[in-house]
Amino acid sequence: MTEKIARGIWPALATPFTDDGSALAPERVAPLVGHLIDQGANGFFVTGGTGEGAAMQVDERKAMTDTTIAAVAGSVPLIFQVGATGTENAVELARYAAAAGADAIASVAPVDHPNDLQAAVQHYAAIGSATDKPFYVYWIAQTADATITAEQYLEAMEAVPNFSGLKFTDSNFYFFQRLVDLAGERLNIISGPDEICLGGMVAGADAAIGSTYNIMPNIFLRMRRHFEADEIRPAMELQAKANRVISTMMHYGVLGALKAELGMRGLPVGPPRTPNTQLNAEQQTALRRDLDALGFSVE
């Protein structure tokens with residue numbers, strides 16, 4: 001049986017940059033991490049999509065690794081996403097994170113061969129064999145091989161050393177539930193889409209990793225507690241509230257809105273990097289107005 005590192009609610013940690021976005025701002029990591037741990041976050045997924053790993057240089061990702069590990073100081077587990085770059089760089093980042101004290105390593109599909117399971121397995125095998133840490137696949141709907149069954153996927157992944165779980169960012173929860181059912185206790189399976197977090201719990205997710213958990217971890221932590229207590233109706237109400245927030249953020253661009261909102265709360269993390277866009281002052285005022293108009297606390 002795989003040790004299930006990820007349980008509960010994990011923010012996909014936003015990466016703090018300087019105000020002009022040109023460099024990592026290490027001094028901004030600890031306040032954000034400390035705030036989220038105080039709120040009850042059960043772990044962090046670092047330099048994934050929300051963490052803008054694809055927009056960072058290898059040296060920046062190494063610095064974010066060191067800074068996050070120091071800020072967390074072992075209080076919660078950490079999974080570092082090392083993909084969204086060439087396999088050679090991903091292997092280098094995996095080894096660096098493992099040596100620095102990561103609890104696990106993860107990777108998206110190879111950037112040059114999306115939607116190709118055979119190419120993905122080769123990419124994952126290189127990363128998985130680079131360390132003795134548990135290895136997680138970051139499944140994203142747009143780059144996954146949609147032609148396969150859950151059985152075929154798990155069979156192919158037997159070739160990947162240290163394969164221990166996956167983060168599933170996809171709305172195909174039939175496929176997700178099949179993975180849960182077939183894997184049993186062998187894999188640590190995590191849901192990705194914030195807007196159907198409760199659906200992931202119902203399908204058997206051990207944990208959830210999401211972008212908006214940076215600004216409203218309490219809504220999702222309460223949702224998880226209600227679900228575990230078999231209180232489905234309050235959990236549904238919290239998912240509906242979360243989705244009102246998410247819908248509002250989508251109007252402005254989720255990552256830009258997320259980073260702006262953190263800044264307005266006294267947790268500056270700088271702007272997002274391209275292809276995401278920064279909110280201007282007028283948009284930030286409108287975002288705050290729209291979130292306040294929801295009539296409940298976004299936290």
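The values are calculated or read from the model by the stated rules, or taken from the named source; none is laboratory data. Quantities reported herein were computed from a predicted structural model and do not represent experimental measurements. Because the Cβ atoms are built from the backbone with ideal geometry, glycine has one as well, and the counts that use them run over all protein chains shown. Just the protein is used for accessible areas: all its heavy atoms, side chains included, with ligands, DNA and RNA removed. Shrake-Rupley method; radii C 1.70, N 1.55, O 1.52, S 1.80 Å.
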Problem - Inter-residue pairs, beta-carbon under 7 Å, first under 12 Å from A260 (Cβ atoms) and free of Cβ contacts under 8 Å to residues at least 40 places away in the same chain and in the stretch 285-298, second assigned to a helix (DSSP H, G or I) and open to solvent by less than 20 Å² (accessible area, probe 1.4 Å), 6+ apart - result: L287/A257; L287/A260; L287/E261
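Consider E282 carefully, then state whether it is in a helix (DSSP H, G or I), surrounded by fewer than 24 Cβ atoms within 10 Å (Cβ to Cβ), among the charged types (D, E, K, R) and out of contact with any strand residue (DSSP E or B) (no Cβ under 6 Å at 6 or more places or on another chain).
Criteria met by E282.
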Fill in the blank from the handout: Of the residues in the stretch 222-253 that are surrounded by 18 or more Cβ atoms within 10 Å (Cβ to Cβ) and of a type in the set (A, V, I, L, M), the one that is farthest from V269 (Cα to Cα) is A235
Exercise for the section: Could you tell me whether any residue of the stretch 204-214 is modelled with pLDDT of 95 or more, assigned to a helix (DSSP H, G or I) and either of a type in the set (V, I, T) or more than 26 Å from V33 (Cβ to Cβ) (or both)? Expected result: yes
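Filter the stretch 162-203 down to the residues that are part of a helix (DSSP H, G or I) and of a type in the set (D, E, K, R), then identify the one that is surrounded by the most Cβ atoms within 10 Å (Cβ to Cβ). Give the steps one after another, and end with the answer.
Step one: filter the stretch 162-203 for residues part of a helix (DSSP H, G or I), giving 173-183, 194-203.
Checking the rest, the ones that are also of a type in the set (D, E, K, R) come to 178, 181, 194-195.
Numbers: R178: 17, D181: 11, D194: 26, E195: 16.
Restricting to residues being part of a helix (DSSP H, G or I) and of a type in the set (D, E, K, R), the top hit is D194.
Filter the stretch 187-213 down to the residues that are farther than 17 Å from A6 by Cα and not β-branched (V, I, T) and list them by number.
Initial filter on the stretch 187-213 (farther than 17 Å from A6 by Cα): 195-196, 199, 212.
Result: E195, G199.
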Exercise for the section: With the condition kept exactly as written, say whether any residue in the stretch 116-131 is open to solvent by 60 Å² or more (accessible area, probe 1.4 Å), assigned to a helix (DSSP H, G or I) and closer than 22 Å to F17 by Cα. Expected result: no
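So which residues in the stretch 99-114 are outside any loop (DSSP other than H, G, I, E, B) and either within 21 Å of I189 (Cα to Cα) or in contact (Cβ under 8 Å) with a residue 60 or more places away in the chain (or both), if there are any at all? First the steps, then the outcome.
In the first step, residues of the stretch 99-114 are kept if they are outside any loop (DSSP other than H, G, I, E, B); the result is 99-100, 104-107.
Within the stretch 99-114, A104, I105, A106, S107 meet the criteria.
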Problem - Test: G263 is surrounded by fewer than 20 Cβ atoms within 10 Å (Cβ to Cβ) and either assigned to a helix (DSSP H, G or I) or of a type in the set (D, E) (or both) - result: yes
Problem - Output for the stretch 221-241, where each listed residue is touching a Gly at 6+ places or on another chain (Cβ under 9 Å) and either among the aliphatic types (A, V, I, L, M) or under 18 Å from N188 (Cβ atoms) (or both) - result: L221, R224
